[in-house]
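Comments concern the structure below.
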Amino acid sequence: MYRLHKIIVIILLGLPVMLHAQVKVKPSFKIVPLGVLGGIDESNLSAYMLAPQGSDNYLCLDAGTINYGLQKAVSAGTFKQPAGVVMRRNIKAYLISHGHLDHLAGMVINSPEDTVKNVYGLASTLQTLKTHYFTWESWANFTDDGEAPQLKKYHYKVLEPMVQQPVENTEMLVTAFPLSHSNLTSTAFLVKHDESYVLYLGDTGADAVEKSQNLNKLWTAIEPIVKQGRLKALMIEVSFPNEQPEKSLFGHLTPKLLMDELGMLQKLAGTSLKGLNVVVTHLKPPYTSISKIKQQLKTGNKLGVKLIYPQQGKALLF
């Protein structure tokens, strides 16, 4: 009887531990990829809707593809409303990382059907939009700045580097960090809701190749939230396989360069990155090259990060 009683006590004492282990952490963010590739496929270029879980107020990280990506999302059951309705009602702001066409074409093309909203970016990025895209020679000026007449649909909101700002009409805050992308400045956006974060990097080269310290400064800035486990996802590009010569990287990463940079982040944070959600963006076709990149990332993943390859239209929860 004593032995049976002892077994029952052990089981009862162990039960809360077992139940606790089965409790899943509720996701903090929802990401809807509208475009995931880097180049030649104009129907699938960099654009990611992001909102706190349970909210319909999204910001859009880059805007290479909008309408086609939303159609894919509707077909996948991610949204119940038509694509145009989601664009007009649910995308509350665009955050543009840099002025290359594959990161903003969808916003420009769809601007006649869009609603009033803010366009956030570093001053240099917004200047490119103002002088090269939203002009009457290139398209039409759907903003409230630049060439007349101004159609006053979009409003430019300058992000000061490393200064946290609210994204209006959403529940999120954003901090911008400059990145080195060959001959121009790109941007990383650190998005915060409550005490959780998502970090999205536009196109970027490695510090060693770019002769820059921009990634090192970014890793240094985020190491406290990495250490505290509050970074829910890191979204970062890998454009070419390892065989790509440095002179032909044009401000992009390879699998090896990505892992080198993540190793630097791990060193600065002083904690393992094992299990960190790393969303790999901007893979460049052809698909034989993409397959090689994925294999090289798998082989080189000595840090044990969780590599995630987003699919157009299919939501991700973090």
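Taken as a whole, segment 268-288 holds no residue that is assigned to a helix (DSSP H, G or I), open to solvent by 10 Å² or more (accessible area, probe 1.4 Å), polar (S, T, N, Q) and modelled with pLDDT of 95 or more.
Scanning segment 237-269 for residues that are out of contact with any Phe, Trp or Tyr (no Cβ under 8 Å at 6 or more places or on another chain) and among the β-branched types (V, I, T) gives a single hit, V238.
Does T135 qualify as being of a type in the set (V, I, T), free of Cβ contacts under 8 Å to residues at least 60 places away in the same chain and open to solvent by 30 Å² or more (accessible area, probe 1.4 Å)? Taking the combined requirement at face value, the residue does not satisfy it.
If you scan segment 50-71, which residues turn out to be surrounded by fewer than 22 Cβ atoms within 10 Å (Cβ to Cβ) and either on the phi > 0 side of the Ramachandran plot or over 17 Å from the mean Cα position of the chain (by Cα) (or both)?
Filtering segment 50-71 down to residues surrounded by fewer than 22 Cβ atoms within 10 Å (Cβ to Cβ) leaves 52-57, 67-68, 71.
G54, S55, D56, N67, Y68, Q71, listed by residue number.
Just checking, which of T204, T175, T187 is within 14 Å of the chain's Cα centre (by Cα), in a loop (DSSP other than H, G, I, E, B), under 19 Å from S97 (Cα atoms) and not charged (D, E, K, R)? First the steps, then the outcome.
Values: T175 fails: in a loop (DSSP other than H, G, I, E, B); T187 fails: in a loop (DSSP other than H, G, I, E, B).
So the residue among T204, T175, T187 that is within 14 Å of the chain's Cα centre (by Cα), in a loop (DSSP other than H, G, I, E, B), under 19 Å from S97 (Cα atoms) and not charged (D, E, K, R) is T204.
Taking the criterion of being of a type outside the set (S, T, N, Q), touching a residue at least 40 places away in the same chain (Cβ under 8 Å) and farther than 14 Å from I96 by Cβ, the residues of segment 51-60 that qualify are A51, P52, Y58.
Being part of a helix (DSSP H, G or I) and either in contact with a His (Cβ under 8 Å, 6 or more places away or on another chain) or of a type in the set (D, E) (or both) narrows it down to one of E243, E261, so name that one.
Working: E243 fails: part of a helix (DSSP H, G or I).
Being part of a helix (DSSP H, G or I) and either in contact with a His (Cβ under 8 Å, 6 or more places away or on another chain) or of a type in the set (D, E) (or both) holds for just one of E243, E261, which is E261.
On the stretch given as segment 289-318, residues that are part of a loop (DSSP other than H, G, I, E, B) and among the β-branched types (V, I, T) total 1. Against the numbered list (1) of a type in the set (A, V, I, L, M); (2) closer than 26 Å to Y197 by Cβ; (3) touching a Pro at 6+ places or on another chain (Cβ under 6 Å), I40 comes up short only at (2).
Of all the numbered requirements in (1) on the phi < 0 side of the Ramachandran plot; (2) at pLDDT 55 or above; (3) open to solvent by 40 Å² or more (accessible area, probe 1.4 Å), M18 misses one, and that requirement is (2).
Of all residues in segment 182-197, those that are of a type in the set (G, A, S) have Cβ atoms under 8 Å from Cβ atoms of residues that are exposed (fewer than 15 other Cβ atoms within 10 Å of the Cβ) and at pLDDT 95 or above, 6 or more apart or on another chain, in S182/F250. Scanning segment 111-126 for residues that are crowded, with 21+ Cβ neighbours inside 10 Å and over 14 Å from T143 (Cβ atoms) turns up just one, L122.
So which of G251, G229 is at pLDDT 95 or above, small (G, A, S) and buried (at least 21 other Cβ atoms within 10 Å of the Cβ)?
On the way: G229 fails: buried (at least 21 other Cβ atoms within 10 Å of the Cβ).
None of the others qualify; the one that does is G251.
Residues that are more than 26 Å from L173 (Cβ to Cβ) number at least 2 in the following helices (runs of 4 or more DSSP H) confined to segment 15-128: 67-75, 83-89, 105-110.
The values are calculated or read from the model by the stated rules, or taken from the named source; none is laboratory data. Because the structure is predicted, anything quoted here is derived from the model rather than measured. Ideal geometry is used to build each Cβ from the backbone, glycine not excepted, and the neighbour counts take in all protein chains shown. For accessibility, only protein heavy atoms count, side chains too; no ligands or nucleic acids. Shrake-Rupley method; radii C 1.70, N 1.55, O 1.52, S 1.80 Å.
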